[in-house]
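Just so it is clear, none of the values below were taken in a lab; they were calculated from the coordinates. Being a predicted model, the structure only gives us computed values, none of them experimental. As a convention, Cβ positions derive from the backbone with ideal geometry for all residues, glycine included, and neighbour counts pool all protein chains shown.
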Amino acid sequence: MGTDIYQIGIRPLLFHGLNVDPELLHRWTLAWLQGLEDTDHPIAQLTTRALHRSYCLEHSALCQSLWGLSFANPVGLAAGFDKDAVAVGLWSDFGFGFAEMGTVTLHAQPGNPLPRLFRLPADRAALNRMGFNNQGAEAMAARFQARQQRGLTPAYPVGVNLGKSKVTPLDAAPEDYVGSFRLLKPWGDYFVVNVSSPNTPGLRSLQAADQLVGIVAALQNENQGDKPLLVKIAPDLEWEAIAAIVELAQTYQLAGIIATNTTIHREGLTTATLRATGNRVEDEMGGISGAPLRQRSTEVIRFIYQKTTGTLPIIGVGGIFTAEDAWEKITAGASLVQVYTGWIYEGPWMVRRILTGLLHRLQHHGFRQIDQAVGIDTIHSDGVLPAGGTDGVG
Ligand SMILES: Cc1cc2nc3c(=O)[nH]c(=O)nc-3n(C[C@H](O)[C@H](O)[C@H](O)COP(=O)(O)O)c2cc1C
């Protein structure tokens, strides 16, 4: 795998030399992108064209049709990067085949106190406890509408990831999710019920099938079959709990499952203490993303693929840095993949590198289309639950 200016110069400078706070860096990036997005100035147009030329790779073998949507390639931007959809028109210029906006909540909220995002470079990981900081569903809907009035509609599939507002009690979660969905339904190509963030108190308890059923039933009632609705799950669930979610997904005709969110496990990390706080990583609240998550997330994908004999589309996410990582997820059963932490570490050429590597692998296997690779490493069986519980992380 080649290296580039980001990896040799920019990343060492920002991460180590200047040690720029990760959230600040993220805010600068989004502010720059929002500036590009909000203007019709010719310089902005030239810039986006330059981005497109640098970062995009188009090939018919990477195209795929899912849920009636056309994906130019299977690599998407994961939820949490563009929480308020401020750069919704630009992600395809970075080479992404799709992008997921949010998590957005019905009520605007500030999220958790700072600092709440940390790099763990020795582990190629991040720890975050952002807590769904976002401007709320109404503001996101207004932003989509304003773009439409300028004659702009994203030329690629855009997902919207929905979370529960912190102020809303757990037993009122269905109305909270439905409230956001109602506001955003015209604007998203697919929607995600996020019940797997470790950073909203009690949220993950909504993954229990008896809790999730109320949310999913209410959303599907509002949806009336119009939009693909997926659920995003945590990597830390027991196999029985995942099996129950899969069953519920089938009963309520969900479009798919996103596996997985960040993990609350800390095993196998090299980093002992966080430089920014001086505290031990075990004592810091939040979810770990990046390389330590890779294997467990692939196991969850494989399990779901096996359970459903490949009939329920899976979006695989967790610890993808290279084409090999993406191929691992796809051949385990993911139709699409997403990246977040890997993109931070590998930089903006990462998507193109992954797509090039995927094309090589397709060629090597004699496949004409990416969907032919989905699940080839996973034996179809209505299988017995694998041994062990949630100890695969690390
Ligand atoms: C800083 C940060 C914020 C995130 N915010 C969200 C979020 O708002 N909603 C969500 O569903 N996932 C969120 N995630 C999880 C990612 O979408 C993804 O599931 C997870 O990071 C694993 O992928 P990765 O290893 O490629 O980062 C966040 C991850 C990070 C690192």
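Among the numbered conditions (1) more than 16 Å from the ligand (Cβ to nearest atom); (2) in contact (Cβ under 8 Å) with a residue 40 or more places away in the chain, the only one that G225 does not meet is (2).
The lone criterion from (1) more than 22 Å from N261 (Cβ to Cβ); (2) surrounded by fewer than 17 Cβ atoms within 10 Å (Cβ to Cβ) left unmet by S92 is number (2).
Tell me whether the stretch 240-257 contains one or more residues that are closer than 30 Å to F15 by Cα, touching a residue at least 12 places away in the same chain (Cβ under 8 Å), within 19 Å of the chain's Cα centre (by Cα) and within 14 Å of the ligand (Cβ to nearest atom). There is no residue in the stretch 240-257 that is closer than 30 Å to F15 by Cα, touching a residue at least 12 places away in the same chain (Cβ under 8 Å), within 19 Å of the chain's Cα centre (by Cα) and within 14 Å of the ligand (Cβ to nearest atom). When the test is whether a residue is away from the ligand (no atom under 13 Å from the Cβ), over 23 Å from V193 (Cα atoms) and not small (G, A, S), P110 does not pass it.
Here's the yes/no breakdown for (1) over 22 Å from G111 (Cβ atoms); (2) out of contact with any strand residue (DSSP E or B) (no Cβ under 6 Å at 6 or more places or on another chain):
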| site | (1), (2) |
| --- | --- |
| I242 | yes, yes |
| E247 | yes, yes |
| G268 | yes, yes |
| N279 | no, yes |
| E282 | yes, yes |
| V300 | yes, no |
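May I ask you to list the residues in the stretch 124-164 that are assigned to a strand (DSSP E or B) and either under 22 Å from G286 (Cα atoms) or within 13 Å of the ligand (Cβ to nearest atom) (or both)? Explain how you work it out, then say what you get.
Of the residues in the stretch 124-164, the ones assigned to a strand (DSSP E or B) are 125-128, 134, 158-162.
A125, A126, L127, N128, N134, G159, V160, N161, L162, listed by residue number.
Determine if the stretch 63-84 includes at least one residue that is more than 15 Å from the ligand (Cβ to nearest atom), in contact with a Ser or Thr (Cβ under 8 Å, 6 or more places away or on another chain), small (G, A, S) and over 21 Å from G136 (Cα atoms). Checking the stretch 63-84: at least one residue is more than 15 Å from the ligand (Cβ to nearest atom), in contact with a Ser or Thr (Cβ under 8 Å, 6 or more places away or on another chain), small (G, A, S) and over 21 Å from G136 (Cα atoms).
When the stretch 18-74 is examined, which residues are found to be hydrophobic (A, V, I, L, M, F, W, C) and more than 22 Å from G102 (Cβ to Cβ)? If the condition is that a residue be hydrophobic (A, V, I, L, M, F, W, C) and more than 22 Å from G102 (Cβ to Cβ), then L18, V20, I43, A44, L46, A50, L51, C56, L57, A61, L62, C63 are the ones that fit.
Taking (1) surrounded by 15 or more Cβ atoms within 10 Å (Cβ to Cβ); (2) touching an Asp or Glu at 6+ places or on another chain (Cβ under 7 Å) in turn, I242 satisfies each apart from (2).
Quickly run through the stretch 230-239 and pick out the residues that are crowded, with 18+ Cβ neighbours inside 10 Å and of a type in the set (D, E, K, R).
Passing the criteria: K232, D236.
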